[in-house]
Amino acid sequence: MTKSKFWFMKPVILSYLAIVWLPCMSTSSKYSSACISDSDCETTRTFLRCAGQTCKCPAVNHFDVEINRCLIRVGGTCEVRSKTQYCVSYAECKANSGKSSTVGTCQCRNRYKETIDSLCTSSSTDTHKHFGSIVILILLFVLTLYYYL
């Protein structure tokens, strides 16, 4: 049996699949699932609350499916340098002037703007945000097919 000219790619492809795909497949979200109490929503990890027998973020927060937790929207009060509270993507907690240095407000980072639903976006990154990842996945898929066919 002769080796394919891409034999060296097999460990790379398997490693990539283990690192990228397995965590995605094993993460189950409690968001929108039925509940009786906050503990059913894994509140300490996700910050979800049981409201109306459904796991939801508090009204002022936004649920991020990529990290499986509630995040503070732009304009929301946050704790500066907190290890547990996070602002929405592309935002950071900036200390309020005249108040304690630990209390702040989530604000969009430079080159990002606030959307109507209090998230942050950049026109240049939104359109091409996942393009590189998609190209890499397609190439790996094609190489995998070529290797096994």
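The values are calculated or read from the model by the stated rules, or taken from the named source; none is laboratory data. Keep in mind that this is a model prediction, so the values were computed, not measured. Glycine also receives a Cβ, built like all others from the backbone with ideal geometry; neighbour counts cover every protein chain displayed.
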Quiz item: Which condition breaks for residue 144 when tested against (1) at pLDDT 75 or above; (2) under 22 Å from the mean Cα position of the chain (by Cα); (3) surrounded by 10 or more Cβ atoms within 10 Å (Cβ to Cβ)?
Solution: (2)
Quiz item: How many residues, within the stretch 104-126, are at pLDDT below 85 and over 17 Å from the mean Cα position of the chain (by Cα)?
Solution: 2
